[in-house]
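Trainee: Could you have a look at this structure, given as structure tokens, before my questions?
The values are calculated or read from the model by the stated rules, or taken from the named source; none is laboratory data. This is a predicted model, so every value here is computed, not measured. Here the Cβ positions follow ideal geometry from the backbone for every residue, glycine too, while neighbour counts run over all protein chains shown. We work out accessible area using only protein heavy atoms, side chains counted, and drop any ligands, DNA or RNA first. Shrake-Rupley method; radii C 1.70, N 1.55, O 1.52, S 1.80 Å.
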Amino acid sequence: MAQQENAKHNSSEHNKKHGTTPHGPTLRRTLRREAPSTVGLLVDKQDFAAMRRYRTFPFDDHTAYLHQVEGLLKALAAQGMHTTIALFDPEDYAEFCAESGLDADTGASRSRFTAEIASAGATVAYTGQRLTDVIPLLVSRAVRQATWEYATLLLADLGACADCGQDIGRAAFDRASHLLMRLLETAGPGAHHLVCSTPTENDQLLAVLHTHRDTTGPARLDTSEGAEFATVLAVAIALESPGGVVLRTSAPDSPDRVHGWRLAHGTLAPLTAGEVFNAYCTDAETGEPVSPESGVEYSAGFDIGADPAERHH
């Protein structure tokens, strides 16, 4: 009898140790739900075609691939798991494998790269939305991040002012942040959509910011969007580029109002109503006129009351 009891005890201890008790599978399922998942997504046919050169990549049709990804996402969501979708770029993947000494033609390498981009790249949390709705958002976030990283590098490479020794990029960012805060404070209540654009040697930088302000209290904005906007504006300030800012304000029971400014001598100089109309109603790529929107007022920029800019270079 004692031997039988000892055998039962030893067997029970062995099962607990190896997770094979009646509760073992349940506990593992609980742990699995609490382990986040990441899916790397090839959003367009060009990226998909680039991955087909790998023998271990199992798909040969982009539409079927997207269908399978969506099915996987739904299955993970049904299990109560938190899933993140990351933009999978084949060029970045090949570079990552080369730098890490990994064989690019393995599923393990693709998995490792996906985990890497999830921690530092553009991502979207999956909450059951359609994949066709996820893709534009994911691409937009990737463009925003690339713009911010490029603008940040431009500012960092400017170095210190030869006259005063102050970091030019930092001073420009502080100035841009001041201008943005003054603009939001002066814009008043409503839902505000701001766009800042400036040319650089290699690209046209564009930043977008959405804010909302009640009749009382400060404007509410996403901090990452605010930092990206200020960084692009800082590039225009530091490089003395012909940057510009457009503000569109929406409020209940009133037409949308559009205002505009050009960057001049480290501050935002208001555009006239005619200049705002021309800027908003002209195709940026072709230069052809675009029909004005109905129910929109094109108004002159207003004085934002910013402090004078200090010259550092």
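Trainee: Restricting to the stretch 255-282, count the residues that are farther than 19 Å from His192 by Cβ, open to solvent by less than 40 Å² (accessible area, probe 1.4 Å) and assigned to a loop (DSSP other than H, G, I, E, B).
Mentor: 2
Trainee: Moving on. Please verify whether Leu154 is closer than 24 Å to Ser241 by Cα, touching a helix residue (DSSP H, G or I) at 6+ places or on another chain (Cβ under 7 Å) and in a loop (DSSP other than H, G, I, E, B), treating the condition exactly as stated.
Mentor: No; evaluated as a whole, the condition is false for this residue.
Trainee: Considering only residues that are at pLDDT 90 or above and among the hydrophobic types (A, V, I, L, M, F, W, C), which ones fall in the stretch 297-313?
Mentor: Ala300, Phe302, Ile304
Trainee: Being over 17 Å from the mean Cα position of the chain (by Cα) and acidic (Asp, Glu) is the filter here; which residues of the stretch 93-118 pass it?
Mentor: Glu95, Glu99, Asp103, Asp105
Trainee: A further question on this structure: Would you mind telling me which numbered condition in (1) modelled with pLDDT of 90 or more; (2) under 28 Å from Ser197 (Cβ atoms); (3) under 18 Å from the mean Cα position of the chain (by Cα) Gly121 fails?
Mentor: Gly121 satisfies all of (1) modelled with pLDDT of 90 or more; (2) under 28 Å from Ser197 (Cβ atoms); (3) under 18 Å from the mean Cα position of the chain (by Cα) except (1).
Trainee: Report yes if His192 is surrounded by fewer than 16 Cβ atoms within 10 Å (Cβ to Cβ), modelled with pLDDT of 90 or more and part of a strand (DSSP E or B), otherwise no.
Mentor: Judged against the criteria, His192 is not a match.
Trainee: Need the failing condition index for Thr63 against (1) in a helix (DSSP H, G or I); (2) surrounded by 18 or more Cβ atoms within 10 Å (Cβ to Cβ); (3) among the β-branched types (Val, Ile, Thr), just the number.
Mentor: If we test Thr63 against (1) in a helix (DSSP H, G or I); (2) surrounded by 18 or more Cβ atoms within 10 Å (Cβ to Cβ); (3) among the β-branched types (Val, Ile, Thr), just (2) comes out false.
Trainee: Being closer than 20 Å to Phe277 by Cα and of a type outside the set (S, T, N, Q) is the filter here, so list the residues in the stretch 232-250 that pass it.
Mentor: The answer is Pro242, Gly243, Gly244, Val245, Val246, Leu247, Arg248.
Trainee: Kindly indicate the residue of the stretch 95-131 that is basic (Lys, Arg) and in contact with a Ser or Thr (Cβ under 9 Å, 6 or more places away or on another chain) and also most open to solvent (accessible area, probe 1.4 Å) among those meeting that condition.
Mentor: The qualifying residue most open to solvent (accessible area, probe 1.4 Å) is Arg112.
Trainee: What number of residues in the stretch 140-168 are in contact (Cβ under 8 Å) with a residue 24 or more places away in the chain, open to solvent by less than 70 Å² (accessible area, probe 1.4 Å) and more than 22 Å from the chain's Cα centre (by Cα)?
Mentor: Here the count works out to 3.
Trainee: Sticking with this one: Looking at (1) crowded, with 23+ Cβ neighbours inside 10 Å; (2) over 16 Å from Gly301 (Cα atoms); (3) modelled with pLDDT under 90, which is the one condition that is false for Glu285?
Mentor: (1)
Trainee: Next question. For a quick check of your reading of the model, give me the residue pairs whose first member lies in the stretch 107-131 and is within 21 Å of His62 (Cβ to Cβ) and among the β-branched types (Val, Ile, Thr), whose second is open to solvent by 50 Å² or more (accessible area, probe 1.4 Å) and assigned to a helix (DSSP H, G or I), with beta-carbon atoms closer than 6 Å and at least 6 apart or on different chains.
Mentor: Val124/Leu137
Trainee: Taking Thr38 as meeting all but one of (1) touching a residue at least 60 places away in the same chain (Cβ under 8 Å); (2) outside any loop (DSSP other than H, G, I, E, B); (3) within 19 Å of Val143 (Cα to Cα), write down the number of the exception.
Mentor: Failed condition: (3).
Trainee: When you go through (1) in contact with a Pro (Cβ under 6 Å, 6 or more places away or on another chain); (2) surrounded by 17 or more Cβ atoms within 10 Å (Cβ to Cβ) one by one for His82, which number turns out not to apply?
Mentor: Failed condition: (2).
Trainee: Also: So in the stretch 247-262, with the set limited to residues that are of a type in the set (Ser, Thr, Tyr) and modelled with pLDDT of 90 or more, which one is farthest from Ala187 (Cα to Cα)?
Mentor: Among those residues, the one meeting the criterion is Ser250.
Trainee: In the stretch 209-244, which residues are among the basic types (Lys, Arg) and open to solvent by 60 Å² or more (accessible area, probe 1.4 Å)?
Mentor: Once the filter is applied, which keeps residues that are among the basic types (Lys, Arg) and open to solvent by 60 Å² or more (accessible area, probe 1.4 Å), the stretch 209-244 yields only Arg220.
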